[in-house]
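Notes follow the structure.
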Amino acid sequence: MTNEPKNSNGVDDIFLKPYDPKAHESEIYKRWEESGFFNPDNLPATSMGERDEHYSIIMPPPNANGSLHAGHALFVTLQDILIRYKRMRGFKTLWFPGADHAGFETHVVYEKKLQKEGRSRFDLSKEELYKEILDFTLSNKSHMESQLRKLGASCDWSRELFTLDERVIKTVYDTFKKLEDDNLLYRGLRSVNWCPKHQTAFSNLELEHEERTESFYYFKYGPFTIGTARPETKFGDKYVVMHPDDDRYKQYKHGQKIELEWINGPITATIIKDEAGDPEIGTGVMTITPWHSAIDYEIAQRHNLDYEQIIDERGKLLPIAKEFAGMPIKEARAKIVEKLDKKGLLVKIDKNYAHSVPTCYKCRREIEPQLKEQWFINVKPLAKEVIKAINDKHVHFVTKRHERIALHWLENIYDWNISRQIVWGIPIPAKICTKCGAGMVDIENTITECKKCGADVEQDTDTFDTWFSSSQWPFITLDWPNGEDFKNYYPTDVMETGVDILFFWVTRMLMMGLYRTKKVPFKDIYLHGLVRDKKGQKMKKIIFFTALAFTLQINTIWAGELQSIVKLKVHESYGVSRTAEPVTYGIPFAEEENLTDISTMGIFDAGSIEIPAQFRVLSKYGGGPQSSKPIRMVLADFQTDIGALMEKDFQVKKNSSYAATANLASEDANFINI
């Protein structure tokens, strides 16, 4: 019996008031957690008998560097539905939580914190900086965990793991050594994507490409005309490349020397005949800058050419540029062009040159290719095993479209640079020769001299790319190789995560899972759409959403997948400190066969779900509040029409997303609030 006052009808007043989540939700979760039933080992038998079937999901560990956001609320909701449903169905159900140290991400967050305090990371020793970031991360980790509890996540907190825990580091080091033993790991001088601000390298996946319209310059280079958008890199250009079958230049022989006037005076240039020269582009002739271009470096390697650094790690010109030395790139560019013009070497300028420029995904500063000694994994053999597993149906993508995209990336994969030039993260256990530069894996810290030349060695100062350790997360969490959890719950049942980390994480987990355990790490892959702000950018850790109201409108195809855009309006009554700007949220639709059976993930029996009448769909396809046509059939018809557009236009391009927009008439998008 309740002690709440009753009205004249005998109904407790509490039931006549709006529900106040703040007054009740914490107590409800406390009861759940204290029951012990989040831990599958404590689950009682059901009326049907003992829980003999296992079901598991590894929670994508949130970054422990700030508050959660609406994207986290989304994945928690989706995974919690799956877990609670399976738990109620009598499965021995494990939802494994964790927290990610998030190497570079946290490094950037803490650097901004230092700037606000009037400090710099360069004022601290590496040990002091690491200690400060660790304390900061552990504090945020605790806060993040309390927010997951606020969301009602029914995960087993007794098993929680942090990506810097000893168990994680031990396995990561073991994998690093095994890769070396299997000749899949090497340290070499390669062209890397260097951020002049953050002073670290990135993989191709971590770049943001900006479409820019800039000037493109044409210069006389002896008897040739060459073109470039970056004249500041051309000081060391002494090789001119053309295709061996280009008849326009058949009088020139490979290796032929020519004398010509260039930026800082006369030089001797060498003719290089290489198939990288494209007769269809410009004049078919180009000079190369191997230190600052991955393609040029490959050409130099093929022909054993030398190369010289022109731009330093801070984005400033080196002494080879003479009077321009020390200048930032943008400042020097116009002055270099002016000098070439005065020498009569400027042919013309195209001021409307549109091209894609790789930038740092954090600071948006233009990436400067640099040659660096880094640790790389030869991932082609690993990718080959994943491709076979997908084709043999050992792992299932909820949509065939995502499977096609994953396969395309795996079939065109590049070696993986796993070195990062930051303090925060798992240190690379290796020694570097001070004389010849050779790298040696040294897990036990016992190597004192170079194995190649006998010279002194020093500790590698780099840390692992966070995605390298995260790629091993499913089997590490389950205590591979001999733990009971690994025996009972691996492979896990579902990997549910954001579509944006299909390449960063999902495919790499498949590679490392197969490599270390000989099994795929999960059976089903479901990729949800993203919560985006009004500019279309991925939602950041700005605000913690506890409840959302939204409106649905289908109007966009993104990266070749049909998506809906949900405009989110966040209200202060739901515990948000301020009214947020509207944001958008993309939901990937399933393939047509799955639209007719929304039980793909085992949540519902086929045909058992009822769609609320107020949920309107595209009127053109027979939907609407008065329509008796099932929503799944309406969406299937819509998918059929859109499918023709996508099959015609969809391509997956290397290192970029393909975007196409479905031009839907406004009268066909007749939606109201859900």
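With all protein chains in place and ligands, DNA and RNA left out, the 1.4 Å accessible area ranks SER154, SER142, SER67 as SER142, SER67, SER154, largest first. In this view, the solvent-accessible surface of ASP20, computed with a 1.4 Å probe and all protein chains in place, comes to about 70 Å².
Solvent-accessible surface of protein heavy atoms, probed at 1.4 angstrom with all chains present, puts LYS131, LYS343, LYS141 in the order LYS131, LYS343, LYS141, largest first. Among the listed pairs LYS322/LYS431; LYS335/LYS372; LYS238/LYS343, those with a Cα-Cα distance over 25 Å are LYS322/LYS431; LYS335/LYS372.
Accessible surface calculations at 1.4 Å, restricted to protein heavy atoms, place the range 125-278 at 44 Å² per residue.
Accessible surface of GLU25, taken over heavy atoms with a 1.4 Å probe and every protein chain present, rounds to 80 Å². Estimated at the nearest 10 Å², the accessible area of GLU259 is 130 Å² with a 1.4 Å probe. If R0 is 35 Å, what FRET efficiency do you get for ASP415 and SER158 from their C-beta distance, rounded to 0.05? With a Förster radius of 35 Å, E is 0.35. Extension gain for ILE295 to ASN42 (0.36 nm times residue separation, less C-alpha to C-alpha distance): 85.3 nm.
The values are calculated or read from the model by the stated rules, or taken from the named source; none is laboratory data. The shown structure was predicted, so the numbers you read here are calculated from the model rather than taken from an experiment. Don't worry about glycine lacking a Cβ; one is built from the backbone with ideal geometry, like all the others, and counts go over all protein chains shown. These accessible areas exclude ligands, DNA and RNA; they are computed on the full protein's heavy atoms, side chains included. Shrake-Rupley method; radii C 1.70, N 1.55, O 1.52, S 1.80 Å.
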